[in-house]
Amino acid sequence: LKPMKSVSSSDVVIDVSNSNSYAASHIKDAIQIPSRDFLNSEGGLKTAEELASVLGDAGVSRTDSAVLYGGPESSGEAEFAFLVLRYLGQNDVKLLDGSFADWKTAGLPEEVQENNKTGVEYSPQVRSDVMAEYEYVKSGQAQIIDVRPFVDFGKGRIPGSIAFDPADVVKGDQFKGPGDLTAVFSRLDQEKPVVVYSDDYSRSSLVAYALQLMGYQAGIYSWEDWKAHEEVQSQNETTSSGDHAVD
């Protein structure tokens, strides 16, 4: 987390909220990249090349010191954007320690003028531990957490996954303190990686980021990707058994 008063002109501040709040007012010199811009038309994550284009077109390079902020912390917008940048290999990226409302209360500079930076080449260096893949999830190497609504968990889930409510990591619009988060994650083994999945990247990112704050190695995964792979595997097994029957 980046303390508000330590944000400087050398940082690239990015408003990743999906509301119209940027036009009303934002941190001085901040640019806007709504976190939804990282998703394709079906709601899935864009490819690494497409994500790199989104950032490069906005004038962000992989070597920049990026500071992100979005809507209320419980929205998960900034946490999702943080994980996207980490996935692409952005080493110097932090979330603003506080909301834009906190920023204004502190009397720090804001403006309404839209800021645009000159486009640059963004060269990604993908980290697969941030965005988990099907084979890894299926391998059993990681603890799997399902943060979808509990009713969905009851209808179907990744085998061995644990149901978890994202609301448990926040209090109001801020993350709970270390003591509370230790209790929240008490069922987990801190020595074993964690993969958090949902059909909403913001929900899974909120929990994965809280886990990272507490020293866990945590990444995120998509429930839609799991279903797609399982469907293909089921079809292959059906085809294979059909061929065997003919033999």
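The values are calculated or read from the model by the stated rules, or taken from the named source; none is laboratory data. For clarity, every value in this text was computed on a predicted model and none was experimentally measured. Quick reminder, even Gly has a Cβ in these numbers, built from the backbone with ideal geometry, and neighbours come from all protein chains shown. Remember, those area values only see protein heavy atoms, side chains included, never the ligands or the DNA or RNA. Shrake-Rupley method; radii C 1.70, N 1.55, O 1.52, S 1.80 Å.
Test GLN113 against the criterion of being surrounded by fewer than 17 Cβ atoms within 10 Å (Cβ to Cβ) and within 14 Å of ASP15 (Cα to Cα), and give yes or no.
yes
Output the number of residues of the range 78-97 satisfying the condition of being out of contact with any Leu (no Cβ under 9 Å at 6 or more places or on another chain) and either part of a helix (DSSP H, G or I) or crowded, with 23+ Cβ neighbours inside 10 Å (or both). Break it down stepwise before answering.
At the first step, the residues of the range 78-97 found to be out of contact with any Leu (no Cβ under 9 Å at 6 or more places or on another chain) are 83, 86, 89, 91-92.
Checking which are either part of a helix (DSSP H, G or I) or crowded, with 23+ Cβ neighbours inside 10 Å (or both) leaves us with 83, 86.
Total meeting the criteria: 2.
Given the residues LEU206, LEU188, which is the only one that is at pLDDT 95 or above, part of a helix (DSSP H, G or I) and open to solvent by less than 60 Å² (accessible area, probe 1.4 Å)? It would help to see each step written out before you state the result.
Numbers: LEU188 fails: part of a helix (DSSP H, G or I).
Just one listed residue meets the conditions, LEU206.
Within the bounds of the range 107-122, is there any residue that is among the β-branched types (Val, Ile, Thr), within 22 Å of PRO72 (Cβ to Cβ) and out of contact with any Phe, Trp or Tyr (no Cβ under 6 Å at 6 or more places or on another chain)? Reasoning before the result, please.
Pass one, the range 107-122, residues among the β-branched types (Val, Ile, Thr): 112, 118, 120.
When the remaining residues are screened for being within 22 Å of PRO72 (Cβ to Cβ), the result is 112.
Cutting the leftovers down to out of contact with any Phe, Trp or Tyr (no Cβ under 6 Å at 6 or more places or on another chain) gives us 112.
For the range 107-122, residues among the β-branched types (Val, Ile, Thr), within 22 Å of PRO72 (Cβ to Cβ) and out of contact with any Phe, Trp or Tyr (no Cβ under 6 Å at 6 or more places or on another chain): present.
Note down all Cβ pairs under 8 Å where the first residue falls in the range 170-185 and is under 10 Å from GLU73 (Cα atoms) and touching a residue at least 24 places away in the same chain (Cβ under 8 Å), the second is outside any helix (DSSP H, G or I) and open to solvent by 60 Å² or more (accessible area, probe 1.4 Å), and they're at least six residues apart or on different chains.
Short answer, once both residue conditions are applied: ASP173/PRO72.
Can you tell me which residues in the range 12-53 are of a type in the set (Gly, Ala, Ser) and surrounded by fewer than 20 Cβ atoms within 10 Å (Cβ to Cβ)?
Taking the range 12-53 as the starting set, the residues that turn out to be of a type in the set (Gly, Ala, Ser) are 17, 19, 21, 23-25, 30, 35, 41, 43-44, 48, 52-53.
SER19, SER21, ALA23, ALA24, SER25, SER41, GLY43, GLY44, ALA48, SER53, listed by residue number.
Take GLY56 and decide whether it is open to solvent by less than 20 Å² (accessible area, probe 1.4 Å) and in contact with a helix residue (DSSP H, G or I) (Cβ under 6 Å, 6 or more places away or on another chain).
Working: open to solvent by less than 20 Å² (accessible area, probe 1.4 Å): yes; in contact with a helix residue (DSSP H, G or I) (Cβ under 6 Å, 6 or more places away or on another chain): no.
The answer is no for GLY56.
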